[in-house]
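The numbers here are math on the coordinates, done by the rules we state, and not lab data. Note that the coordinates shown come from a computational prediction; the quantities given were computed from them, not determined experimentally. Don't worry about glycine lacking a Cβ; one is built from the backbone with ideal geometry, like all the others, and counts go over all protein chains shown.
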Amino acid sequence: MYRTNSGFSHEQKDKLGVLLVNLGTPDQPEKQALRRYLKEFLSDPRVVEVPRAIWWFILNGVILNFRPARSAKAYKTVWTDEGSPLLIHTKKQAEKLQTQLTEQYGDGVMVKFAMRYGNPSITNTIDDMLNAGVRKLLVLPLYPQYCGATTASTFDAIAADFTKRRWLPDFRFISHYHDNPLYIKALADKVRQHWQQHGQAQKLLMSYHGIPKRYLTKGDPYYCECHKTSRLLAEELGLNKEQYLTCFQSRFGREEWLNPYTDETLKALPQQGIKSVDVVCPGFSADCLETIEEIGEENREYFIQAGGETYHYIEALNSDQQHIHVLANLVADNIAGWSVNFAQPRQRSIEYKKVSG
């Protein structure tokens with residue numbers, strides 16, 4: 001049975017839709033909500049590449065009986081009245097991008113956001129967009145570096161959704177933007193702003209979410225794209241090879257993941273004479289549990305306990321106007337050639353100088 005566009009009308013004005021997608025968040029910082037979220041997340045074969053029968057027993061027999069309670073406790077430390085940080089930041093990103101694109105293109109553009117796991121779901125959000133008249137859809141996963149476990153998983157979810165629809169929109173998908181010059185400059189400016197307020201540490205750690213090393217050996221480009229982002233960011237900041245490191249966080253299980261590991265690196269640096277570090281997470285478009293709690297607090301303790309003296313986590317780009325400018329330009333570049341029933345934009349892309357002042 002195909003999904004029906006309940007709001008459809010032949011008299012609707014066509015719209016161009018921009019769908020931002022981030023990883024996801026539980027509905028509440030409670031055990032049962034975490035269990036639902038983790039079950040959906042960890043059941044994705046893109047995330048855990050283990051034979052399904054074996055993984056089913058591990059997930060349902062072990063992980064989901066212990067991890068939800070621990071994760072709920074961690075989420076409570078970062079939760080606000082508006083919800084999780086990731087939800088708040090992603091919502092603000094969509095709202096600001098809507099304002100920016102409306103100024104450029106008029107009211108024929110609709111910007112929405114969805115989560116790959118949890119709510120708002122991709123299916124429900126696409127329902128809303130198609131019912132509102134979206135006939136051309138650009139999907140922008142908020143993962144600068146391509147990875148099968150994130151970017152490709154988002155494509156899987158869109159493709160699975162489309163198999164259940166009678167009327168499909170024209171479709172485009174942005175798979176990565178790890179070396180986009182505006183993205184690199186936005187990251188560099190964020191670091192510079194921090195240095196202006198707090199001074200520059202001896203070492204800048206660029207920490208990315210980890211994946212099992214075998215994903216790399218099987219052809220996933222994520223590791224290479226992370227290192228390219230780091231190199232370009234270091235060049236923009238004028239850093240030499242001794243002033244920065246690329247490392248990987250958030251591993252679990254016993255197999256080898258991408259290394260060097262962030263936590264072990266921070267434990268070792270004080271013994272090498274590095275007493276002050278700044279940490280930035282270029283792979284995260286918005287702050288979330290992993291940046292706020294794991295990087296901002298847990299890894300800080302590792303560094304200080306090992307003899308470090310000064311530790312700063314530099315916030316993600318979140319809904320900074322410069323970040324919205326990056327997203328708006330990605331949209332402009334990727335809708336080129338699409339015609340739709342709204343007034344032509346006054347200019348094809350948004351000038352950086354006008355945004356940054």
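Give the Kirkwood hydrodynamic radius (Å, one decimal) of segment 181-314, defined as one over the mean of 1/r across all pairs of different Cα atoms. Before the final figure, lay out each step's value.
Numbers: mean 1/r = 0.0662 Å⁻¹.
When all Cα pairs of segment 181-314 are included, the Kirkwood radius is 15.1 Å.
Distance between the C-alpha centres of segment 13-86 and segment 276-295: 19 Å, rounded to the whole angstrom. In the chain, excluding the sites themselves, the longest stretch lacking any of the trypsin sites (Lys or Arg not before Pro) that are in a DSSP loop with at most 12 other Cβ atoms within 10 Å is 1-163. Note on the chain: GNM, Cα springs under 10 Å; of G253, G283, G273, the largest mean-square fluctuation is that of G253. Its Kirkwood hydrodynamic radius, worked out from the mean inverse distance over all distinct Cα pairs, puts segment 290-332 at 12.3 Å.
Over all Cα atoms in segment 53-118, the spread is summed up by Rg and Dmax: 18.4, 52 Å. So how much slack lies between E264 and K13, counting 0.36 nm per residue of separation and subtracting their Cα-Cα distance, in nm? Taking 0.36 nm per residue and subtracting the Cα distance, the gain is 84.8 nm. By the combined test of axial Cα extent (at least 27 Å) and Kyte-Doolittle hydropathy (mean at least 1.6), none of the DSSP H helices of the chain qualifies. Counted residue by residue at 0.36 nm each, then reduced by the alpha carbon distance between them, the extension gain from A159 to E30 reaches 43.3 nm.
Hydrodynamic radius of segment 79-185 by the Kirkwood approach over all distinct alpha-carbon pairs: 15.2 Å. Mean sequence separation of contacting Cα pairs (under 8 Å, at least six apart), scaled by the length of segment 181-314, corresponds to a relative contact order of 32 percent. Under the simplified labelling scheme, the N65-S43 pair shows an inter-label distance of 1.9 nm, with each label point 7 Å from Cα along Cα→Cβ. Both radii come from the Cα set of segment 243-304: Rg as radius of gyration, Rh as Kirkwood radius; their ratio Rg/Rh reads 0.95.
Any chance you could run the full-extension gain for T99 through Q321? It's 0.36 nm times the residue separation minus the Cα-Cα distance, nm to one decimal. Show your work: numbers first, answer last.
Working: separation 222, 0.36 × 222 = 79.92 nm, distance 1.12 nm.
Full extension of this stretch gives 78.8 nm more.
Bridges between two residues of segment 181-314, per DSSP, are antiparallel at a rate of about 5%. Within the chain, the proportion of Cα pairs with more than 30 Å between them is 40 percent.
Working note: Cα atoms of segment 1-102, range along each principal axis, descending, whole Å: 53, 38, 23.
Looking at segment 31-76, the pairs of alpha carbons with a distance over 18 Å make up 25% of the total. Annotation for K241 and C224: the two label points, set 7 Å from Cα along the Cα-Cβ direction, are 2.0 nm apart. Seen from W257, the other residues with C-beta closer than 9 Å to its C-beta sum to a net charge of 0, counting Lys and Arg as +1 and Asp and Glu as -1.
If both residues of a DSSP beta bridge must be in the chain, then about 5% of such bridges are antiparallel. For the residues E255, E40, E95, a GNM of the chain with alpha-carbon springs under 10 Å puts the largest fluctuation on E255. Using the Cβ-Cβ distance between T80 and Q305 with R0 set to 30 Å, the FRET efficiency from 1/(1 + (r/R0)^6) comes to roughly 0.55. If R0 is 45 Å, the Cβ-Cβ spacing of F252 and W167 corresponds to a FRET efficiency of close to 0.60. Charge tally around L34: other residues with Cβ under 15 Å, Lys/Arg +1 each, Asp/Glu -1 each, net +3.
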